[in-house]
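All of the numbers you see were taken from the coordinates with simple rules; none came from a lab. All of these numbers come straight from a predicted model, not from anything done at the bench. Backbone-built Cβ (ideal geometry, glycine too); neighbour counts: all protein chains shown.
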Amino acid sequence: MTTASPALVRLARPEDAAELLGLIRRAMALYAQNAGIETPLDAEMEDAADLQVHIAHDLVLVVEENGRLIGTVRLVQQDQDTIWFTRFAVLPERQRGGVGQLLYQAAQAAARKRGCRFMLLHTALSNQNLVTFYQTRGFEQIDVSHERGYPRGLFLKTLQEAGQETPSA
């Protein structure tokens, strides 16, 4: 009898790029469908080489289970205080099963460890399930734009107040 290995969060590696690309494309296709977005998403325009660059320069986390990638998020540091939470993707068949929560918790811990005070993200306001996911985790909508042809919210979460000590590892 074989036992399933538990899902674990780790840093993405260059050799993950092709599998990561497939995961992101599948998840983003469902995201666009759920949000009623008919224009191509930036995430759908990336290729494996683009992902390798992000893996080298940004903080790309993946959730691996039984040797298969089932979720990912990219954290892009804007400045000393601010990090972007982007390319959040979970395989469609694994959504609503805790993978996103696991990724979010790991991303938040990584951002705090880097001393970031703020986390920003964009999401389609028409995707109410995702908006609710972010709001229940402390994100507040601070702006909205229509430049991409749909209402896109800018959300902010304060991770730590100015002067607050970052916990040691």
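Taking neighbour counts of Cβ atoms within 10 Å as a proxy for exposure, in what order, fewest first, do SER145, SER126 appear? Numbers along the way, then the final one.
Details: SER145 11, SER126 15.
Going from least to most buried by this count: SER145, SER126.
For Cα pairs less than 8 Å apart in space and 6+ apart in sequence, what is the mean separation divided by the residue count of the range 8-158, i.e. the relative contact order in percent? Mind showing how you got there, number by number?
On the way: 242 pairs, mean separation 32.1, N = 151.
Here the relative contact order equals 21 percent.
Give me the net charge of MET45's neighbourhood, meaning all other residues with Cβ under 13 Å from the Cβ of MET45; Lys, Arg count +1, Asp, Glu -1. Write down the numbers at each step before the final one.
On the way: positive: ARG25, ARG87, ARG148; negative: ASP42, GLU44, GLU46, ASP47, ASP50.
Once all neighbours under 13 Å are counted, the net charge is -2.
Excluding LEU20 itself, what net charge comes from residues whose Cβ is under 13 Å from its Cβ, given Lys and Arg +1 and Asp and Glu -1?
Numbers: positive: ARG10, ARG13, ARG25, ARG26, ARG68, ARG74, ARG87; negative: GLU15, ASP16, GLU19, GLU46, ASP47, ASP50, ASP58, GLU64.
Every neighbour counted, the sum reads -1.
I need the Kirkwood Rh of the range 41-92: take the reciprocal of the average 1/r across all distinct C-alpha pairs and report it in angstrom. Let's see the in-between values first.
On the way: mean 1/r = 0.0833 Å⁻¹.
12.0 Å is the Kirkwood radius here.
For the chain, take N as its residue count and report Rg(C-alpha) divided by 2.2 N^0.38 Å. Could you put the intermediate results ahead of the total?
Numbers: Rg = 15.9 Å, N = 169, 2.2 N^0.38 = 15.5 Å.
Here the Cα radius of gyration is 1.03 times the empirical estimate.
Can you sort LEU91, LEU121 from fewest to most other Cβ atoms within 10 Å of each residue's own Cβ?
Values: LEU91 21, LEU121 18.
Fewest to most other Cβ atoms nearby, the residues stand as LEU121, LEU91.
How big is the charge dipole of the chain about its Cα centre, in debye rounded to the nearest 20, if each Lys and Arg gets +1 on its Cβ and each Asp and Glu gets -1 on its Cβ? Mind dumping the intermediate values first?
Values: 17 positive and 20 negative charges, 98 e Å.
Magnitude of the dipole: close to 460 debye.
Could you go through the range 54-63 in sequence order and give the Karplus-derived ³J(HN,Hα) for each residue, using 6.51 cos²θ - 1.76 cosθ + 1.60 with θ = phi - 60°, rounded to whole Hz, and x for Gly and Pro?
Values per residue, Gly and Pro as x: 5, 4, 6, 10, 10, 9, 10, 9, 10, 10 Hz.
Would you work out if the range 1-83 is rounded, prolate or oblate? Take a ≥ b ≥ c from the square roots of the eigenvalues of the alpha-carbon gyration tensor; rounded if a/c is under 1.5, else prolate when a/b is larger than b/c, oblate otherwise.
Values: a/c = 1.79, a/b = 1.20, b/c = 1.49.
Verdict is oblate for the range 1-83.
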